[in-house]
1. Over its Cα atoms, what ratio of radius of gyration to 2.2 N^0.38 Å does the stretch 3-76 give?
2. Using 0.36 nm times the number of residues separating residue 45 and residue 25, minus their current alpha carbon distance, what extension gain do you get?
3. Using the per-residue mean of other Cβ atoms lying within 10 Å as a proxy for protection, in what order, highest first, do the peptides 14-27, 40-53 fall?
Amino acid sequence: MGCGGEKLDTITMNISEMRCPEYQTIVQETIMAQTGIKELSLNWETRTVIVTIRPDQISADALTQALLDAGFTVNGSEGDALANAALPKPCPE
């Protein structure tokens, strides 16, 4: 539970293609465009995303699908969906 009894879930994901700052920005923008995002932490060097969601507004599966639609592979933990999608273009040099 969050403050005031608000139900929150924290999801940890590995985004294998998030291997440069430019892709971190795309992942961040993709996630923040979704309804129900409370907090977000990203690290492109470890390819890790930690996101706190309001599960009454967005599910882990819906968040995963948004990232898949953006062309990323998502490897989840804590019961999240494990899914694969087409790889995005290589990071700019």
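1. Computed over Cα atoms of the stretch 3-76, the ratio equals 1.04.
2. 5.9 nm
3. Peptide ranking by packing, descending: 14-27, 40-53.
Each reported figure results from applying straightforward, stated rules to the coordinates on display, with no laboratory input. Nothing here was measured: the structure is a model prediction, and the numbers come from that model. Positions of Cβ are backbone-derived with ideal geometry, glycine not excepted, and every protein chain shown enters the neighbour counts.
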